[in-house]
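Below you'll find the structure, written out as structure tokens, and then a few comments.
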Amino acid sequence: MSETIDEILKLKTWAIVGLSNNVERPAYEIAALLQSKGHRIVPVHPKGETVHGEPGYKTLAEIPFPIDVVDVFVNSALAGAVIDEAIAIAAKAVWLQLFVFDEPGIERAELAGLLAVMNKCPAIEYEKRG
């Protein structure tokens, strides 16, 4: 798992599903951290808001450029559909945040050739790596 996480953290363009301008949500803080580490963040939320200076999109399918990582900040019940969208847009990886679980979705992603992690936080993983 550690090698998979290392590979994903090297990828540059992260679509963050569930990211809005709500500063109370963990996605807002994690997006800022990812930017500070040199990643391009792409907010994906039904509101399609600009967040941290990056224009937002309502769905993954609306994004007009390639996405490396789909970072999933939605309820576990919704994660499978997001994983399927990540597969459909040919993302390179899916990252399910802490407390987001979908074993069948992770299996589908891996079968489709995507790197995949579940129940992990990039902030914690960056901290572990110094």
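Read-outs: derived from the displayed coordinates by stated rules, not from any lab. If you're wondering where the values come from, they're calculated on a predicted model, not measured in any experiment. Don't worry about glycine lacking a Cβ; one is built from the backbone with ideal geometry, like all the others, and counts go over all protein chains shown.
Remarks
- Residues with amide H under 5 Å from that of VAL42, placed H, sequence gap 5 or more: TRP14, ALA15, ILE16
- Inter-probe distance in nm under a simple model that places probes 7 Å from Cα toward Cβ, at GLU62 and LYS10: 3.3 nm
- Highest-first arrangement of 16-27, 47-58, 66-77, where packing means the average Cβ count within 10 Å: 66-77, 16-27, 47-58
- Nearest-20 debye value, segment 8-74 charge dipole, Cβ charges on Lys, Arg, Asp, Glu: 140 debye
- Rg/Rh for segment 1-73, where both radii come from Cα atoms and Rh is the Kirkwood radius: 0.96
- Too-long pairs where the Cα-Cα distance tops 19 Å, listed order kept, from LYS12/LYS58; LYS10/LYS47; LYS10/LYS37: LYS12/LYS58; LYS10/LYS47
- Cβ-Cβ FRET estimate between LEU78 and TYR126, R0 fixed at 22 Å, reported to 0.05: 0.30
- Looking at the chain, the pairs of alpha carbons with a distance over 27 Å make up 8% of the total.
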